[in-house]
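The values are calculated or read from the model by the stated rules, or taken from the named source; none is laboratory data. Owing to the predicted nature of the structure, the values given are computational and were not obtained by experimental measurement. Counting neighbours? That spans all protein chains shown, and the Cβs are built from the backbone with ideal geometry, glycine included. When the accessible area is computed, the model is the full protein with side chains, heavy atoms only, and any ligands, DNA or RNA have been set aside. Shrake-Rupley method; radii C 1.70, N 1.55, O 1.52, S 1.80 Å.
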Amino acid sequence: MPAVDILQIKKNLKTSRFGQAIHFEPSIDSTNNWALSGIDFGAKCGEVFLTDFQTRGHGRQDRVWESTKGKNILMSLIDEAPRDSGKIFQLTLVAGVAFQEALASLFPSLDIQLKWPNDLLVYPEREKQVERVKGKKLAGILCEKHSSRPTAVIGVGINVNSTEKDFSEPVGGLAASLTLQIGSPVNREEVISACLNAYEKWRKEYDRFGLNPIRTAWLEKTDMMGKKVRVIEGEKIVEGTVNDLDKDGFLVVDGKKVISGDVIIL
Ligand code: BT5
């Protein structure tokens, strides 16, 4: 696969901010780490960090994010952190809504749904379903705050051209890629431009009106509501039914707010 083509990404950008500066390295430890340290060297909001391969790509709690060289999207954006540091997590929801919208508009045949707090899942086409099957993880978002500045980094890993043999044993059964769903190779640059365009649009919406419109869009792009789930928050494991996404962006399960953790749809 050729390296990601920055000029091709820029050709389709409609943003005034996100992606106006794009940095690319063929290999890096993690684009989130790279963007966070870039801030120390003067990198500004809107700058984008892309790579073809990560040696220490990570998810939450330092879990490994795997990706075969040159096949997928590994991208981090620098953004202003909300003034209230407790709300940084809300940027994960902004990004989720934006990236779901971008992917759903490029690939209208796919059923792509948000899973709280940071996943995009893809389900087999509805028509083909005999009974409800589990969604597979197409993308994961990791939002991290800079240690001393009011700046955040939004990282996203999107499985674009990975095939089944590219995934490791435990991840393979739970992961999906665009090419596996569509059945043909997918242009990464087009997906990146669409994601940046959508992120800028939804970020402006969040700036103007707060979480409310994001919450409404998020609820339209998820099928978690009413589902039975298992929530794992550290040592605590509870099962219940998802009732809502509350006004602050927390999941509500059996009337109780879930602040963080892993949610398994049962
Ligand atoms: C996430 O974490 O889903 C956030 C992943 C963010 C990755 C991006 S890549 C660019 C940027 N730079 C970084 O270093 N990170 C960001 P979490 O919810 O903790 O999920 C992690 C779990 O997803 C792992 O423990 C695996 O089970 C699974 N996983 C790992 N690689 C995967 C893949 N390629 N596709 C689907 N699932 C995967």
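Couple of notes before you dig in:
- Relative contact order for the stretch 6-223, counting Cα pairs under 8 Å that sit 6 or more residues apart, in percent: 24
- Longest exposed-site-free window of the chain, the sites being GluC sites (Glu not before Pro) in a DSSP loop that have at most 16 other C-beta atoms within 10 Å: 1-124
- Projecting the Cα atoms of V122, V242, L77 onto the dipole axis of the chain, where Lys and Arg carry +1 and Asp and Glu carry -1 at the beta carbon, places V242 farthest toward the positive end.
- Contour excess over end-to-end distance, with Cα ends at T216 and L7 and 0.36 nm allotted per residue: 71.8 nm
- Global form of the stretch 171-235, assessed from the alpha-carbon gyration tensor, a/c cut-off 1.5: oblate
- Comparing F167, F24, F209 in a Gaussian network model of the chain where C-alpha atoms under 10 Å apart are linked, the largest mean-square fluctuation is found at F209.
- Given charges at Cβ of Lys, Arg, Asp, Glu: the chain dipole, positive-most of V4, Q20, V191: Q20
- Magnitude of the charge dipole for the chain, about its Cα centre and with charges confined to Cβ atoms of Lys, Arg (+1) and Asp, Glu (-1), is about 360 debye.
- Global geometry of the stretch 224-266, whether rounded, prolate or oblate, following the gyration tensor of its Cα atoms and the 1.5 cut on a/c: oblate
- If R0 is 22 Å, the Cβ-Cβ spacing of K165 and F53 corresponds to a FRET efficiency of close to 0.85.
- Where only C-alpha atoms are counted, convex hull volume of the stretch 1-112 per residue in Å³: 139
- Between K87 and D262, the contour length at 0.36 nm per residue exceeds the alpha carbon distance by 61.1 nm.
- For the chain, the alpha carbon positions stretch 46, 43, 33 Å along the principal axes, listed from largest to smallest.
- Theoretical FRET efficiency, 1/(1+(r/R0)^6), r = Cβ-Cβ of K247 and F41, R0 25 Å, to 0.05: 0.10
- In summary, the helical segments of the chain meeting the span-like criteria, namely a full DSSP H run, a Cα extent along the axis of 15 angstrom or more and a mean Kyte-Doolittle hydropathy of at least -1.0, are 90-106.
- The GNM of the chain, with springs linking C-alpha atoms under 10 angstrom apart, assigns the highest mean-square fluctuation among A35, A176, A217 to A217.
- For the stretch 224-266, averaging the sequence separation of C-alpha pairs within contact (under 8 Å, six or more residues apart) and dividing by the residue count gives a relative contact order of 41 percent.
- In the stretch 224-266, taking the dipole from charged Cβ atoms about the Cα centre, the farthest positive-side position among I264, M225, L251 is held by M225.
- Cα pair distances exceeding 22 angstrom across the stretch 152-266, given as percent: 53
- Centroid-to-centroid separation of the stretch 210-241 and the stretch 48-125 [C-alpha atoms, Å]: 17
- Between K227 and K204, the simple spin-label model (points 7 angstrom out along Cα→Cβ) gives 3.2 nm.
- E235 versus S16: modelled label distance in nm, points set 7 Å from Cα along the beta carbon direction: 5.2
- Å² per residue, accessible surface of the chain at 1.4 Å: 47
- Taking the chain as a Gaussian network of alpha-carbon nodes connected by springs under 10 Å, the highest mean-square fluctuation of the residues V231, V48, V122 belongs to V231.
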